[in-house]
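Any read-out appearing in this document is the output of simple, stated calculations on the displayed coordinates, not a laboratory observation. Here the structure is a predicted model, which is why all the values come from computation and not from measurement. With ideal geometry, Cβ positions are generated from the backbone for all residues, glycine too; neighbour counts draw on all protein chains shown.
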Amino acid sequence: MSKAAKGAAAAKLIQDATSAPGVFVFGELIEQPNIQELAAHEQHSRYYSLLQLFAYKTYADYIHHKDVLPALNEAQTIKLKQLSLVSLAQNSRILPYDELLRVLDMSTVRELEDLIIDAIYSDIVRGKLDQKQGQFEVEYTMGRDLEPGKLEELLQSLQNWASTTSSVLATLDQKLTELSTRAVMAKNEKEQYDKVYQATLREVAEKQKEARNASKPQNFTGRTGVTPAGLAELARERERHQQREREKVKESAEDRDSMDVDEPAEGSKGKGRK
């Protein structure tokens with residue numbers, strides 16, 4: 001039916017598509033030859049411009065060109081504002097309420113939040129309404145129709161992104177290699193240090209032990225290192241020494257007895273002279 005519509009019928013088809021709930025992509029319709037014929041139609045060209053607006057542009061663009069475009073009904077106004085929200089969400093993850101109120105030409109936060117909630121239910125955006133911070137935190141957004149002439153620009157952007165990503169990945173690989181090398185070197189140095197440290201500790205401990213042993217008095221352990229024959233000789237020498245000592249004692253005793261016999265008692269001297 002869309003392929004057969006001409007002139008006013010094609011213009012009416014555009015009005016219906018841009019007002020229908022749940023329809024947010026218009027690329028297939030705008031590529032139809034009978035729809036593209038409206039671009040050169042003196043009376044209905046503005047409906048083709050309206051379709052381009054819904055496919056590629058925003059509500060701010062409509063306000064700027066509203067004098068040459070058909071007036072929007074309520075359903076079209078809401079849809080175009082929701083599509084504008086999608087475009088904004090594609091460029092920024094955080095959308096402050098103040099900016100949205102200005103760009104979407106809305107007067108109250110309640111009206112803005114109702115619009116965002118309807119867009120979330122339509123699954124064209126996903127996110128979180130942060131009333132405390134006064135912002136919409138975007139988690140997902142649908143893609144809009146790609147405007148003619150923008151494909152090459154998009155491809156170039158993707159190529160630049162791929163080149164930048166490859167460069168970043170190469171740099172990261174180099175950094176990871178350097179870090180791995182440094183980690184191995186640090187590990188080897190630590191192992192070498194630990195070996196030297198443990199060897200030094202053992203050397204210090206041995207020297208301290210030797211110093212303590214050198215300062216200790218030598219205790220008799222009961223071992224003389226003398227042979228059995230030597231022990232026997234020591235015993236005989238000890239016996240001879242004891243014998244000599246006994247003889248000395250005996251001689252000393254005899255000398256005392258002799259002195260007692262030879263010297264008369266002092267009291268007996270007077271008695272022998274009477």
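Key figures for this structure:
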read-out	value
For the chain, the fraction of alpha-carbon pairs in successive 5 Å shells from zero, as %	1, 4, 7, 8, 8, 6, 6, 5, 3, 3, 3, 2, 2, 2, 2, 2, 2, 2, 2, 2, 2, 2, 2, 2, 2, 2, 2, 2, 2, 2, 2, 2, 1, 1, 1, 1, 0, 0, 0, 0
Principal semi-axes in Å for the range 8-148 [√(5λ), Cα gyration tensor, largest first]	29, 15, 12
Loop-located trypsin sites (Lys or Arg not before Pro) in the range 115-177, at most 12 other Cβ atoms within 10 Å (DSSP)	K132
Crossing angle, helix 45-56 versus the chain [Cα axis fit, 0-90 degrees, rounded to tens]	10
Extent along principal axes [Cα atoms of the range 149-210; Å; largest to smallest]	92, 10, 6
Gyration tensor verdict on the range 126-175 (Cα atoms; rounded if a/c is under 1.5, prolate if a/b is larger than b/c, oblate otherwise)	oblate
0 to 90° range, to nearest 10: angle between helix 228-262 axis and the chain longest Cα axis	40
Degrees between helix 7-19 axis and first principal axis of the chain (Cα, 0 to 90, nearest 10)	30
